[in-house]
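Notes to accompany the following structure.
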Amino acid sequence: MTLKHPSPNFGDRRGRRVELVVLHYTAMASAAEALARLCDPVAEVSAHYLIDRDGTVFSLVNEAHRAWHAGAGAWAGEGDVNSRSLGIELQNMGAEPFAERQMASLEGLLRKVMQRHGLGPAAVIGHSDMAPERKGDPGARFDWRRLARQGLSVWPDPASPGDFAADLRAFGYPEAAPETQLAAFRLRFRPWARGPLDDTDRALAAGLRRIAVDDGPSRP
């Protein structure tokens, strides 16, 4: 079920088209609380969609407009991610599993969004991917592999280990301190991993570079 709940917090896309979908968690106790903030002019924050735990989808900002969800960060060598992305908020505090109905609604929404804008699976990223120094959502409990199995995101096959930082940049990750890059990468692809950078990290990062070569860094 999709409900209209317009937010006043949006602007124009500054001449850009939609190239990315950025996934977030709300870090709030309820969808009602999240809606209040995403629609508060004083807060100056919004998203195109919010998905409640029960699967209800709230449409807040028209896809033709620029919502204020990504903030400072970059992807594929460019900043101003808001102007070239759609933002989807998932009702979740960050440490809990994502509900089945919520994930099913996200999958349905992603299929429609990706078809409308001609996006490939590499275009679906997390807030922590594009802003690794300050964000951790959608977090370690989010099931990226599930999305990848349906062509709604990517999951790399290991390749010959190479230059970890260069491979991440080739996929789209922004420049960051080595420890920050590793933390962001593992949050999405190896949330159980601990310790220093290892060959498993390097092999998966090399797999991301291969995806970038085949599909472009999160571009259709």
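The values are calculated or read from the model by the stated rules, or taken from the named source; none is laboratory data. Model, not experiment: these values are computed from the prediction. Cβ atoms come from the backbone with ideal geometry, glycine included; neighbour counts cover every protein chain shown. When the accessible area is computed, the model is the full protein with side chains, heavy atoms only, and any ligands, DNA or RNA have been set aside. Shrake-Rupley method; radii C 1.70, N 1.55, O 1.52, S 1.80 Å.
Solvent-accessible area per residue in the chain equals 44 Å², computed with a 1.4 angstrom probe and all protein chains kept.
Using the Karplus relation 6.51 cos²θ - 1.76 cosθ + 1.60 with θ = phi - 60°, the per-residue 3J(HN,Hα) values for the stretch 82-90 come to 4, 5, 10, 9, 10, x, 10, 9, 10 Hz, with x marking Gly and Pro.
For the chain, adding -39500 (n - 2.57) for each run of n ≥ 4 DSSP H residues and dividing by the number of residues yields -10000 deg cm²/dmol at 222 nm. When Rg and the Kirkwood radius Rh are both evaluated on Cα atoms of the stretch 81-204, their ratio Rg/Rh stands at 0.95.
Between Ala140 and Glu107, the C-beta separation translates, for a Förster distance of 25 Å, into a calculated FRET efficiency of about 0.80. Taking amide H positions as modeled 1.01 Å from N, with prolines and chain starts lacking one, no residue 5 or more places away or on another chain lies under 5 Å from Glu78. R0 = 25 Å: FRET efficiency of Thr56 with Trp192, Cβ-based, nearest 0.05? Efficiency, from the Cβ-Cβ distance: 0.20.
Taking the 1.4 Å solvent-accessible surface of the chain as the whole, the part contributed by carbon and sulfur is 52%.
Loop-resident trypsin sites (Lys or Arg not before Pro) (DSSP state other than H, G, I, E or B) in the stretch 67-161 with no more than 13 further Cβ atoms inside 10 Å of their Cβ: Arg134. From largest to smallest, the equivalent ellipsoid semi-axes obtained for the chain from the alpha-carbon gyration tensor read 28, 18, 16 Å. Taking the empirical scaling 2.2 N^0.38 Å for compact globular proteins as reference, the stretch 1-128 has a Cα radius of gyration ratio of 0.97.
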